[in-house]
Amino acid sequence: MGRKSLDFAAIEKAAMANIQTIVWQILPRGKISGHEYISLNPRRADKHIGSFKVNMRTGKWADFACGDRGVGIIYLVAYACNVSAYEAAEHLAKQLGVGGVQHD
């Protein structure tokens, strides 16, 4: 039995439609400022909110203190949860009820 193939585009689209909920789940101690969500970086000993930002319109995210960055909610979840993009997409597909999961 092969690995399931996921429709990353459909999952990302659904995730963007639910970005606020997802960001609050994976980065719970942040705040919204304009069109950005500002939080602590979950992957380092970040003590002050300010350098880790998620653009709530585009899904782009970055930690301007260490240079980590990416595009898309799937990759944000992968980064924040320290899992692969596939695992993050699979989790989001289940959570959002989307993704067109197919077996190879």
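A short reminder: the numbers here are calculations on the coordinates, not readings from a lab. Please read these numbers as outputs of a predicted model, since none were measured by experiment. Here the Cβ positions follow ideal geometry from the backbone for every residue, glycine too, while neighbour counts run over all protein chains shown.
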Simple spin-label estimate for ASN82/SER33, 7 Å along Cα→Cβ, in nm, reads 2.7
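Dividing the alpha-carbon Rg of the chain by 2.2 N^0.38 Å yields what?
Values: Rg = 13.9 Å, N = 104, 2.2 N^0.38 = 12.8 Å.
That works out to 1.08 for the chain.
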Scoring segment 12-104 by relative contact order with C-alpha pairs under 8 Å, at least six apart, yields a percentage of 21
Among LYS4/LYS60; LYS31/LYS53; LYS4/LYS94; LYS13/LYS60, the pairs whose Cα-Cα distance exceeds 19 Å are LYS4/LYS60
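What 222 nm value per residue comes from the helices of the chain, counting each DSSP H run with n ≥ 4 as -39,500 (n - 2.57) and dividing by all residues, nearest 500 deg cm²/dmol?
-11000 deg cm²/dmol
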Expected unfolding gain across THR58-GLN25 under the 0.36 nm per residue rule, minus the alpha-carbon gap, is 10.1 nm
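If I stretch the segment between LYS13 and ARG43 completely, what's the gain in nm (0.36 nm per residue apart, minus their alpha carbon distance), one decimal?
Values: separation 30, 0.36 × 30 = 10.80 nm, distance 2.51 nm.
Here the answer is 8.3 nm.
Net charge within 13 Å of GLY59 by Cβ-Cβ distance, Lys/Arg positive one each and Asp/Glu negative one each, not counting GLY59 itself?
On the way: positive: LYS13, LYS53, ARG57, LYS60, ARG69; negative: GLU12, GLU36.
Here the count lands on +3.
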Shape call for segment 60-101, from the Cα gyration tensor axes a ≥ b ≥ c (a/c under 1.5 means rounded, otherwise prolate when a/b beats b/c, else oblate), comes out prolate
